[in-house]
Amino acid sequence: MERFTICLINQKGGCGKSSTCFHLAGSLAVTGLSVLLVDADPQGSLSQGFFGSEVVEQLPLCQTLAALFDEGEFFSDPNALIRNTGFDNISILPTNHHLGAFNVPCPEKGGMLQYAIRDFLDQLDRFDVVLIDCPPNLYQCSWNTMIASDYVIIPVPPEDFGTQGLRAVHQCIDHARQLNPKLRRLGHLVTRHDKRLLVHRSYEQRLREIYDRLVFDTIIPEASAFKVSIACRQPAEFFDKRSYAAESMRALTNEVLDYIRNKSQRHVA
Ligand SMILES: Nc1ncnc2c1ncn2[C@@H]1O[C@H](COP(=O)(O)OP(=O)(O)OP(=O)(O)O)[C@@H](O)[C@H]1O
Ligand SMILES: [Mg+2]
């Protein structure tokens, strides 16, 4: 199987983009796939999930993803920016506040900078899967990841879809496809779902009515195990593989791999 790159995008803050990247990396890694996580959010939450905030905040720009955007930076070996996470098969290109200065609105006017992440990934050949975490906006960082990716996953909590800016997300994907025609929507992923709540069940049903096959069967529950395992700096699969959290991430992994390997009709043109 060729390497594939997935970005997680939604303008809605706190919808589970970073958590999904963190835990999905664990479930993909135990299948034997070599995973590269790219933290493209200046908040650096994904990086902090592995190394803690003190370490991440002190990284100099030249050791973070911001180096890809900084004209002053030149690196002969792109692998030097990538770090081991301490987990087999999971590496990361970390990020911190330095990236904020480059996350400008109107990225499509950014010339060659639009291709910064894509060009970087093109130089790497030792990974099977790349997962990219995005900030809660559609500025330069999210735009760059859409240019660099094969697939988009849109995490969606079961709340008012209008307030999540889904229409703008889809417009941005369509726009990015003018520069990256291979970009496909892998699906909306219902996150933070509490099945006891009628309102959550109603919103899930509504999402399926609107987007039909472009919604994953797997639902990510609101579960404290997700928070606890991040606090312990371990993807749920490593923290407690029998937890409901780990189980739901394995189901998502199977669904993702199935769609990608079998080129399911889910991918809209
Ligand atoms: N399924 C879940 N169950 C319980 N807590 C969750 C779940 N998903 C995310 N959270 C918690 O919600 C908070 C926000 O999640 P996360 O950081 O993954 O969202 P995000 O979309 O990356 O946010 P941002 O837009 O700020 O980057 C975190 O504290 C996280 O631990
Ligand atoms: Mg995040």
How many angstrom separate the Cα center of the range 1-62 from the Cα center of the range 169-218? 20
Just subtract the alpha-carbon distance of residue 174 and residue 31 from 0.36 nm times their residue separation and send over the number in nm, one decimal. 48.3 nm
Sort 33-44, 202-213, 246-257, 219-230 for me by packing, meaning the mean count of neighbouring Cβ atoms within 10 Å per residue, highest on top. 33-44, 246-257, 219-230, 202-213
With +1 on the Cβ of every Lys and Arg and -1 on the Cβ of every Asp and Glu, the dipole magnitude of the chain about its Cα centre, in debye rounded to the nearest 20, is 860
At a threshold of 8 angstrom on Cα-Cα distance, excluding pairs fewer than six apart, so keeping six or more, what relative contact order does the range 4-262 reach in percent? 27
Loop-resident sites, the range 1-108, for chymotrypsin sites (Phe, Trp or Tyr not before Pro), counting at most 14 other Cβ within 10 Å (DSSP): 74, 75
For the chain, max minus min Cα coordinate along each principal axis, in Å, sorted largest first? 53, 40, 34
Where both partners of a DSSP beta bridge lie in the chain, what percent of those bridges are antiparallel, to the nearest 5? 5
What ³J(HN,Hα) values, in whole Hz, does the Karplus curve 6.51 cos²θ - 1.76 cosθ + 1.60 give for the range 161-173 when θ = phi - 60°, with x put for Gly and Pro? 5, x, 6, 8, x, 4, 4, 5, 4, 5, 5, 5, 4
Suppose all protein chains stay in the model; what accessible area per residue would a 1.4 Å probe give for the chain, in Å²? 44
Karplus ³J(HN,Hα) for the range 84-89 (6.51 cos²θ - 1.76 cosθ + 1.60, θ = phi - 60°; Hz, whole; x = Gly/Pro) runs 6, 8, x, 10, 4, 6
Across the chain, how many lysine pairs, 8 or more positions apart or on different chains, have C-alpha atoms separated by under 28 Å? Please give the number. 15
In nanometres, the difference between 0.36 nm per residue of separation and the alpha-carbon distance of residue 57 and residue 97 is 13.7 nm
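Rounded to the nearest angstrom and ordered from largest down, what semi-axes does the equivalent ellipsoid of the range 62-112 get from its C-alpha gyration tensor (root of 5λ)?
After scaling each eigenvalue by five and taking roots: 24, 13, 10 Å.
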Whole-Hz couplings from phi, Karplus 6.51/-1.76/1.60, listed for the range 191-200; x for Gly and Pro: 10, 6, 8, 10, 5, 6, 8, 4, 5, 5
For the range 146-208, the Cα convex hull volume per residue in Å³ comes to 75
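The values are calculated or read from the model by the stated rules, or taken from the named source; none is laboratory data. Since the structure is predicted, the reported quantities are computational estimates derived from the model, not experimental observations. Cβ coordinates were reconstructed from backbone atoms using ideal geometry, including for glycine residues, and neighbour counts include every protein chain displayed. What goes into the accessible areas is simple: the full protein's heavy atoms, side chains included, and nothing from ligands, DNA or RNA. Shrake-Rupley method; radii C 1.70, N 1.55, O 1.52, S 1.80 Å.
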